Amino acid sequence: MPELPEVETVKRTLNALVTGKTIERVQVLLPRIIQKPDDIHLFEALLQGQTIQTIERRGKFLRFVLDDYVMVSHLRMEGRYGVYQGDDPLELHSHVLFRFTDGTELRYKDVRQFGTMHLFPKGEELTQPPLSKLGIEPLDEAFTLEAFKSLIAKRSTKIKPLLLNQAYIVGIGNIYVDESLFLAGIHPEREASTLSGKELAALHEAIIRTLRESVEVGGSSVKSYVNGQGEIGMFQHQLNIYGRESQPCKTCGSEIYKTVVGGRGTHICPSCQPLKPKRVRKKSEN
Ligand SMILES: [Zn+2]
């Protein structure tokens, strides 16, 4: 599933490709993709004549900002956009077609058919699900160490599922959680409330660093992810732990193992990410 860096990359490429274009007509070929409004013909009619002003990202969602509406799109497992000439033959799994007045067409393809689109009058999208339930953006200035601590520090939940919860912090999925916890040297099953101030600071820094570095190279191409221009991201070559089961840790050489934490496949270095927190030295021992 695309996470923050991949969706950010799709956003950037789509902005370059379709911003300023006016929709001539919309064809929905797979009604289940459209979650709102209930009537797909209304979805098609409302978008007619609308110009794409910009495309933004909130968590793992894309926000297509139009003249009067905002279309909120989630790619889920394998959704992707591509821009074609209107008369290009339709490829398999093309589910929603946005024909522009200049003859080009934005096509939404989704082999797994799990992707969603919601259409709202402008402004309402932020006060209603799915966007209204989202937590803090980890690449925003508001994501300070203090903000991170207030979200995480006192919770008696395992740290990995907590980081995956989009109501706390958005955009981090399985890949970037494993990478961030590895960088910070924290075992994914550690209870959040047991993390020291130093560990929280390391984790906060690791999350920002991992996401930023991935955005810089266009995200990770894991499974079939590609950006809006059909290009694959390159961050998978920089992954330290995700997908490296049974391989030696790049830091210490120990064998990385894979287990399940909170229902998700999880990669751990047994030496760099000990389950037992290191003994905290009391002041009297200094
Ligand atoms: Zn290691």
Exercise. How about LYS36: which aspartates and glutamates have a C-alpha closer than 17 Å to its C-alpha, ignoring those fewer than 8 places off in the same chain?
Worked result: GLU44, ASP68, GLU124, GLU125
Exercise. Scaled to the compact-protein estimate 2.2 N^0.38 Å, what is the alpha-carbon radius of gyration of region 145-277, rounded to two decimal places?
Worked result: 1.03
Seminar exercise, completed: In the chain the DSSP beta bridges are antiparallel at a rate, in percent to nearest 5, of 95
Problem set entry | Shape parameters for region 4-132, alpha-carbon atoms, Rg then Dmax in Å | 13.2, 39
Exercise. With each pseudo-label sitting 7 Å past Cα toward Cβ, what's the SER156-ASP68 distance in nm, one decimal?
Worked result: 5.3
For this session: With label points built 7 Å along Cα→Cβ from the Cα atoms of CYS252 and GLN35, find their separation and express it in nm.
Result: 4.1
Exercise. Counting other Cβ atoms within 10 Å of each Cβ, which GluC sites (Glu not before Pro) in region 1-106 have at most 10 and sit in a DSSP loop?
Worked result: GLU91
For this session: Treating each Cα of the chain as an identical point scatterer and ignoring solvent, apply the Debye formula and state log10 I(q)/I(0) at q = 0.08, 0.09 Å⁻¹.
Result: -0.39, -0.48
Problem set entry | Value of relative contact order over the chain, rounded to a whole percent, pairs C-alpha under 8 Å and six or more apart | 18
Problem set entry | Karplus (6.51, -1.76, 1.60) ³J(HN,Hα), θ = phi - 60°, over region 61-72, in Hz, Gly and Pro reported as x | 9, 9, 10, 8, 8, 10, 4, 10, 10, 10, 9, 9
Seminar exercise, completed: Out of VAL65, VAL26, VAL260, a Gaussian network model of the chain with alpha-carbon springs under 10 Å gives the largest mean-square fluctuation to VAL260
For this session: Compute the length gained on full extension between ARG112 and VAL260: take 0.36 nm times their separation in residues and subtract their Cα-Cα distance, giving the result in nm to one decimal.
Result: 50.9 nm
Exercise. So how far apart, in nm, are the two label points at THR194 and GLN53 if each is 7 Å from Cα heading toward Cβ?
Worked result: 5.0
Exercise. Cα to Cα, under 25 Å, and not fewer than 8 places away if on the same chain: which lysines meet these conditions relative to LYS276?
Worked result: LYS149, LYS154, LYS158, LYS160, LYS198, LYS250, LYS258
For this session: Please state the charge dipole magnitude for region 145-277, taken about the Cα centre, from unit charges on C-beta atoms (+1 on K and R, -1 on D and E), reported in debye and rounded to the nearest 20.
Result: 360
Exercise. With charges only on Cβ, +1 for K and R and -1 for D and E, what is the dipole size of the chain about its Cα centre, in debye, rounded to 20?
Worked result: 1560
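No value in this document is a laboratory result; all are computed from the given coordinates. None of the values given here were measured: they were computed from a predicted structure. Methodologically, a virtual Cβ is constructed for each residue, glycine included, from the backbone with ideal geometry; neighbour enumeration extends over all protein chains shown.
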